[in-house]
Amino acid sequence: MTKNGQAENKVVLVTGAARGIGLATATAFLHDGYRVGVSDLDYDEARVAVAGLDADKDAIPLSMDVKSTEDVNACVAKVVERFGRLDALINVAGTTTDHPRPSQEEPDAEWARHLDTHLSGTFRCSRAAYPHLAATGSGAIVNVSSLAARLAMRQRVAYTSAKAGIEGLTRLLGVEWAPTGVRVNAVAPGYILTPRLEEGFRSGVLDEEMMASNVPQRRLGRAEEVASVILFLASDAASHVTGQTIAVDGGAGIDSRH
């Protein structure tokens, strides 16, 4: 049986899935008939997310720190043990720049935190998932990059560099793993209304009106809009697409005003 054109027995692992883009993505895959591993650094939040999905046995909460190879390998193994296979991996897990500062003042710890979470975390998860994805003959990985990978977002050198690295990794793995049937693509969200952004608006650290004015569509994106592109890239409808990064930013990344 299929649901919305996707095999109901397909399995996806979504990292950073407790809220925001990750949760929207887990929801989209569940509604499309996938069984979903909902992983997050905060296991309690992952449990709450799964409870909210009302997915019966089709979604399971998982604790995973993408900075730990041991954690990553164990999490992938749990998904395969529970569902018997793995068809797609969605690398959403990341961290934010809490204290923007000039690049020359960036401390080693902050640089390492971003690269280890975003870039190395994406690689660790992809490496662990690869044998299982290759076994299906048509596995898919979708990474989450950022508008920051294309634009010079000042005072965010570690975040920007890590996201640019994800796009490079996406191209490399997209080519290297193509002969096995594993496709690797990425999405680059722009200004997306997520819980983290909403917290910034409430605290006054961020200005919603000013942020929206930087988008040609004159609005912030929704997490569901990013999730729908991720779902497409993981689906058979994108079977000849690999090594690509699709911007989901309302045109912000190509606006000459930037």
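We did not get these values from a lab; they are worked out from the coordinates using the rules stated. Since the structure is predicted, the reported quantities are computational estimates derived from the model, not experimental observations. Glycine also receives a Cβ, built like all others from the backbone with ideal geometry; neighbour counts cover every protein chain displayed.
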So if we plug the beta-carbon distance of Arg85 and Val241 into 1/(1 + (r/R0)^6) with R0 = 30 Å, what FRET efficiency do we get, rounded to 0.05? 0.85
Tally the DSSP beta bridges in the chain and give the antiparallel ones as a percent, rounded to 5. 5 percent
Links exceeding 23 Å between C-alpha atoms in this model, out of Lys10/Lys57; Lys57/Lys163; Lys57/Lys78, come to Lys57/Lys163
Would you compute, from DSSP H runs of 4+ residues alone, the mean residue ellipticity of the chain at 222 nm, taking -39500 (n - 2.57) per run and dividing by the full residue count, rounded to the nearest 500? -13000 deg cm²/dmol
Taking the Cβ of Ala74 as the center, what net charge do the other residues with Cβ under 15 Å away carry, scoring Lys and Arg +1 and Asp and Glu -1? 0
Residues Tyr43 and Glu209, FRET efficiency given R0 of 41 Å [Cβ-Cβ distance, rounded to 0.05]: 0.65
Average Cα contact separation per residue, the chain, under 8 Å, 6 or more apart, as relative contact order %: 18 percent
Looking at the chain, which longest stretch skips every one of the trypsin sites (Lys or Arg not before Pro) that is in a DSSP loop with at most 16 other Cβ atoms within 10 Å, leaving the sites themselves out? 86-153
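What number do you get for the chain when its Cα radius of gyration is normalised by 2.2 N^0.38 Å, N = residues?
0.96
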What's the magnitude of the charge dipole for the chain around its Cα centre, counting Lys and Arg as +1 and Asp and Glu as -1 at the beta-carbon? Answer in Debye, nearest 20. 520 debye
If the chain between Arg196 and Gln104 were fully stretched, how many nm would it gain, using 0.36 nm times the residue separation less the Cα-Cα distance? 30.5 nm
Student exercise, the stretch 100-253 dipole from Lys, Arg, Asp, Glu Cβ charges, in Debye to nearest 20: 220 debye
How long is the gain from Gln217 to Glu70 if the chain were fully straight, where each residue apart is worth 0.36 nm and the alpha carbon distance is subtracted? 48.6 nm
What distance in nm lies between label points placed 7 Å from Cα along the C-beta direction at Glu224 and Ala51? 2.4 nm
For the chain, build the charge dipole from Cβ charges (+1 Lys, Arg; -1 Asp, Glu) around the Cα centre, then report which of Ala74, Ala28, Val50 sits farthest towards its positive end. Ala28
Of the residues Ser120, Ser239, Phe201, the Cα lying farthest along the dipole of the chain towards its positive end, which is defined by charges on the beta carbon of Lys, Arg, Asp and Glu, belongs to Ser239
Based on alpha-carbon centroids, what's the gap between the stretch 171-225 and the stretch 62-101 in Å, whole number please? 19 Å
